[in-house]
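One structure below.
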Amino acid sequence: FVFSADLVRKLDLPMEFEFMKVSSYGGDTVSSGNLKISLDISRKDLADLDILIIEDIIDSGFTLSNLREYLLERGATSIKICTLLDKPSRRKLPLKADYVGAVIPDEFVVGYGLDYDEKYRHLRYVGVLAPHVYLK
């Protein structure tokens, strides 16, 4: 939501907002490959909607590939993806964002809304998490 809030203040077009909470990571640093939806959108009919998914980071591609399919199955007309950070070296599925803020190397980053096990989201910057924190 941090990146989303900053982004939508720069967009000058009519839009509606819905929030979803989806993950394929949980408390781990590697995707499980399974989409977990803990908060779904309330709108039932997505027919005739052009959707922009705003994401903080794309890593393996599992979460967004599965989310894209889920939304298309619910009737979305089109789906575009905007991400703050893209880590293509970790991609497991052929997913490409339509809009990318920055391409980053294969390091685990936190801050500016990004977390590790629900920690570090509050940081005002994006930084590399020290491996000793998550390698146990």
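The values are calculated or read from the model by the stated rules, or taken from the named source; none is laboratory data. Small disclaimer: the values here were computed from a predicted structure and weren't measured. Don't worry about glycine lacking a Cβ; one is built from the backbone with ideal geometry, like all the others, and counts go over all protein chains shown. Accessible surface is based on the protein model in full, side chains and every heavy atom, while ligands, DNA and RNA are left aside. Shrake-Rupley method; radii C 1.70, N 1.55, O 1.52, S 1.80 Å.
Under 27 Å from LEU11 (Cα atoms) and either more than 15 Å from the chain's Cα centre (by Cα) or open to solvent by 80 Å² or more (accessible area, probe 1.4 Å) (or both): which single residue out of LYS80, LYS87 fits that description?
Answer to the check: LYS80.
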Being within 28 Å of ILE51 (Cβ to Cβ) and surrounded by 12 or more Cβ atoms within 10 Å (Cβ to Cβ) is the filter here, so list the residues in the stretch 118-129 that pass it. ARG121, VAL126
Can we say GLY101 is open to solvent by less than 20 Å² (accessible area, probe 1.4 Å) and closer than 21 Å to ASP6 by Cα? no
Strands (runs of 3 or more DSSP E) fully within the stretch 1-77 counting 1 or more residues that are open to solvent by 60 Å² or more (accessible area, probe 1.4 Å), touching a Cys at 6+ places or on another chain (Cβ under 7 Å) and modelled with pLDDT of 90 or more: 50-58
For the stretch 104-117, how many residues are over 19 Å from VAL22 (Cβ atoms) and either without any contact (Cβ under 8 Å) to a residue 12 or more places away in the chain or loosely packed, with under 13 Cβ neighbours inside 10 Å (or both)? 3
Every pair of residues 6+ apart whose Cβ atoms lie under 8 Å, when the first sits in the stretch 1-21 and is touching a residue at least 60 places away in the same chain (Cβ under 8 Å) while the second is of a type in the set (Asp, Glu) and not in a loop (DSSP other than H, G, I, E, B): VAL2/ASP56; PHE3/ASP56
Residues that are basic (Lys, Arg), more than 15 Å from ILE58 (Cα to Cα) and part of a strand (DSSP E or B), drawn from the stretch 78-123: LYS119
